[in-house]
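K.L.:
Sharing a structure here in structure tokens format.
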Amino acid sequence: MNGFTLFDTTHIMWLASILLVLIFLIYLYKFSNIVNQQLYLKFIFWLLLLLECAKQLFLLVQGSYSYWSPPLHLCGLGIFITGWHAYLGSRTTATLLYALTLPGAAIALLFPGWTADPVGSFLHVHSFLFHALLLAFIIPLLVMEQLDLRWQDLWRAVVFLALTVPPIYIYNSYFQTNFMFLNRPVSGTPLQWLFSAFRASGYLASLAFVLLIYWCIAYAPLLKRKEL
């Protein structure tokens, strides 16, 4: 089978299915005791890790392993952030999950970069499941207000990006990859609109500006709640 297009029947069915499963998982998490909630988070982390290992093995067996294969996208790095939070949750991991992993996974599902993968193929299913699991990790924590979120902690996300973006950008430039979509946009997505508006010279700055806008919107309720 061929791939799919944004918001066609296949895409909408995936999004609707993910939404229904998320609602069930939120309900399950909400009415679980603290021990089972911790087990849930660890289970999601290990499932993410196993899925990524399966993908790496699949690419090796298929003989298609390449410089594109390491988990260097923001959502790939989310594996390690979820594991860090599941076992050693902190304000740093809470900030990274809310400020970076959550928007990254949500945008990936709304504007997937794997539309060319044949529908029903391993990579097609893997990509939807992987990003859905990231949301399944974060959203129950948000609903239960179990993430210690403070706007003063945004510097932690800035430091994380300062440590990861430069080497990944260099890796992209050297190996002609495009992890984190730093070097060029995905066609047909909002990133393409940014690239068209600001061109290559202003693309990264526009990404940073959009992220800043998201942070302002995402953290505004926290400020309002503090005032109350």
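The values are calculated or read from the model by the stated rules, or taken from the named source; none is laboratory data. It should be emphasised that the depicted structure is a prediction, and the values quoted were computed from it without experimental measurement. FYI the Cβ positions are ideal-geometry reconstructions off the backbone, even for glycines, and counts take in every protein chain you see. Heavy atoms of the whole protein, side chains included, go into the accessibility calculation; ligands, DNA and RNA do not. Shrake-Rupley method; radii C 1.70, N 1.55, O 1.52, S 1.80 Å.
K.L.:
Condition test on L163, is it surrounded by fewer than 20 Cβ atoms within 10 Å (Cβ to Cβ), on the phi < 0 side of the Ramachandran plot and modelled with pLDDT of 95 or more?
P.N.:
Answer is yes for this residue.
K.L.:
Right, L154: in contact with a helix residue (DSSP H, G or I) (Cβ under 8 Å, 6 or more places away or on another chain), open to solvent by 20 Å² or more (accessible area, probe 1.4 Å), in a helix (DSSP H, G or I) and more than 20 Å from K42 (Cα to Cα) or not? Give the steps one after another, and end with the answer.
P.N.:
Details: in contact with a helix residue (DSSP H, G or I) (Cβ under 8 Å, 6 or more places away or on another chain): yes; open to solvent by 20 Å² or more (accessible area, probe 1.4 Å): yes; in a helix (DSSP H, G or I): yes; more than 20 Å from K42 (Cα to Cα): yes.
The answer is yes for L154.
K.L.:
I'd like to check something: does segment 130-143 contain any residue that is within 27 Å of D8 (Cα to Cα) and in contact with an Asp or Glu (Cβ under 9 Å, 6 or more places away or on another chain)? Lay out the reasoning, then the answer.
P.N.:
Quick first cut of segment 130-143, residues within 27 Å of D8 (Cα to Cα) only: 130-139.
Next, only the ones that are in contact with an Asp or Glu (Cβ under 9 Å, 6 or more places away or on another chain) stay: 130.
Yes: one or more hits.
K.L.:
Condition first: more than 24 Å from P166 (Cα to Cα) and open to solvent by less than 20 Å² (accessible area, probe 1.4 Å). Can you find one or more residues in segment 72-79 that meet it?
P.N.:
The initial filter retains those residues of segment 72-79 that are more than 24 Å from P166 (Cα to Cα), namely none.
Within segment 72-79, not a single residue is more than 24 Å from P166 (Cα to Cα) and open to solvent by less than 20 Å² (accessible area, probe 1.4 Å).
K.L.:
For segment 172-194, name all the residues that are assigned to a helix (DSSP H, G or I) and open to solvent by 50 Å² or more (accessible area, probe 1.4 Å). Don't jump to the end; show me each part of the working.
P.N.:
Taking segment 172-194 and keeping what is assigned to a helix (DSSP H, G or I), we get 172-175, 179-181, 190-194.
Selection gives S173, Y174, F175, F181, Q192, W193.
K.L.:
Next question, about the same structure. For the structure I just gave you, tell me whether S206 is of a type in the set (G, A, S), assigned to a helix (DSSP H, G or I) and over 22 Å from F111 (Cα atoms).
P.N.:
Numbers: of a type in the set (G, A, S): yes; assigned to a helix (DSSP H, G or I): yes; over 22 Å from F111 (Cα atoms): no.
Criteria not met by S206.
K.L.:
Those residues that are in a loop (DSSP other than H, G, I, E, B) and closer than 28 Å to E145 by Cβ, I need them from segment 38-91; list them, please.
P.N.:
G89, S90
K.L.:
In segment 113-143, how many residues are buried (at least 22 other Cβ atoms within 10 Å of the Cβ) and farther than 20 Å from Y40 by Cα?
P.N.:
Qualifying residue count, segment 113-143: 1.
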